[in-house]
């Protein structure tokens, strides 16, 4: 399943070769960290949990803090 995780920075526009103005969204697609790997044996399905950006400790739940600590990220 291809995709991007990022944060919307803003909007801009560019001109195409034939002179048309095309609106564009600017996205910061920074380093994504694998915070958790789900397996069929343990969780019943396969998945990967990704993290992007930083969050203040007071704005995260205790279970999420445990996942971040185990992954070695903030």
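The values are calculated or read from the model by the stated rules, or taken from the named source; none is laboratory data. This one's a predicted model, so the numbers in the text were calculated from it and none came from an experiment. Methodologically, a virtual Cβ is constructed for each residue, glycine included, from the backbone with ideal geometry; neighbour enumeration extends over all protein chains shown.
Under the condition of being surrounded by 10 or more Cβ atoms within 10 Å (Cβ to Cβ) and modelled with pLDDT under 90, the residues counted in region 13-35 number 6.
Candidates are the residues of region 1-12 that are surrounded by fewer than 10 Cβ atoms within 10 Å (Cβ to Cβ) and at pLDDT 95 or above; the one that is farthest from residue 74 (Cα to Cα) is 11. Might you let me know whether region 44-51 holds any residue that is in a strand (DSSP E or B) and touching a helix residue (DSSP H, G or I) at 6+ places or on another chain (Cβ under 9 Å)? Yes, the conditions are met somewhere in region 44-51. Based on this model, can you work out whether residue 54 counts as exposed (fewer than 10 other Cβ atoms within 10 Å of the Cβ) and either part of a strand (DSSP E or B) or modelled with pLDDT of 90 or more (or both)? For residue 54, the condition - exposed (fewer than 10 other Cβ atoms within 10 Å of the Cβ) and either part of a strand (DSSP E or B) or modelled with pLDDT of 90 or more (or both) - is not met. Restricting the search to region 1-33, which residues are closer than 26 Å to residue 71 by Cβ, out of contact with any helix residue (DSSP H, G or I) (no Cβ under 7 Å at 6 or more places or on another chain) and in a strand (DSSP E or B)? Within region 1-33, 7, 8, 9, 27, 28, 32 qualify.
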